[in-house]
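**Student:** Supplied in structure tokens, the structure appears directly below.
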Amino acid sequence: MTSQFWGTPEGWIAIVGLAIGTFLIRYSFIGFFAGKRLPPKFERALQLAVPAIFAAIVVPLVVMNQSQVDLNARWPHMVAALVTGLVAWWRGGMMLPIVAGMSTLYLIEFVFR
């Protein structure tokens, strides 16, 4: 095996440093808050963090086309996202909303394009 296969020492230092940093960040919640009750406002903020992060990831994918908001070109994606959200609210779960949203998008693409 050549040295190219194993990479450079700087690359390994970066990988190990990032791994240690990630571990410490994640462990800090376990280490500091183990067996302690969090304030209610903090617990509520943590509950809302996941939907907020998900929305921050999904909304640009739905409404943006080539780094610009383009509602005319992205309307099929917006309709599919709306159907997905409605099915998720109505039925819950994960698989049925994904299938409903994908089916809606592909049906719109097939009929209108």
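The values are calculated or read from the model by the stated rules, or taken from the named source; none is laboratory data. Please read all numbers here as calculations on a predicted model, not as lab measurements. Here the Cβ is made from the backbone with ideal geometry for all residues, glycine too, and neighbour counts use every protein chain on show.
**Student:** Answer yes or no as to whether residue 85 is of a type outside the set (Ser, Thr, Tyr) and within 20 Å of the chain's Cα centre (by Cα).
**Tutor:** When the stated conditions are applied, residue 85 passes them.
**Student:** Moving on. Determine, yes or no, whether residue 44 is of a type in the set (Lys, Arg), surrounded by 14 or more Cβ atoms within 10 Å (Cβ to Cβ) and assigned to a helix (DSSP H, G or I).
**Tutor:** No; evaluated as a whole, the condition is false for this residue.
**Student:** Can I ask one more? Which condition breaks for residue 10 when tested against (1) of a type outside the set (Phe, Trp, Tyr); (2) surrounded by 10 or more Cβ atoms within 10 Å (Cβ to Cβ); (3) not assigned by TED's automatic domain parsing to the domain that holds residue 108?
**Tutor:** (2)
**Student:** Going through the stretch 63-81 one residue at a time, which ones are in a helix (DSSP H, G or I) and either under 18 Å from residue 110 (Cα atoms) or of a type in the set (Asp, Glu) (or both)?
**Tutor:** 72, 73, 74, 75, 76, 77, 78, 79, 80, 81
**Student:** Restricting attention to the stretch 84-113, which residues are charged (D, E, K, R) and part of a helix (DSSP H, G or I)?
**Tutor:** 91, 109
**Student:** Quick one: which of 98, 25, 108 is over 21 Å from the mean Cα position of the chain (by Cα), of a type in the set (Val, Ile, Thr) and at negative phi?
**Tutor:** Every option except 108 fails the conditions.
**Student:** Restricting to the stretch 13-41, name every residue that is surrounded by 10 or more Cβ atoms within 10 Å (Cβ to Cβ) and assigned to a loop (DSSP other than H, G, I, E, B).
**Tutor:** The one that is surrounded by 10 or more Cβ atoms within 10 Å (Cβ to Cβ) and assigned to a loop (DSSP other than H, G, I, E, B): 38.
**Student:** Sticking with this one: Inside the stretch 96-112, can you point out the residues that are more than 18 Å from residue 61 (Cα to Cα) and not aliphatic (A, V, I, L, M)?
**Tutor:** Matches in the stretch 96-112: 110, 112.
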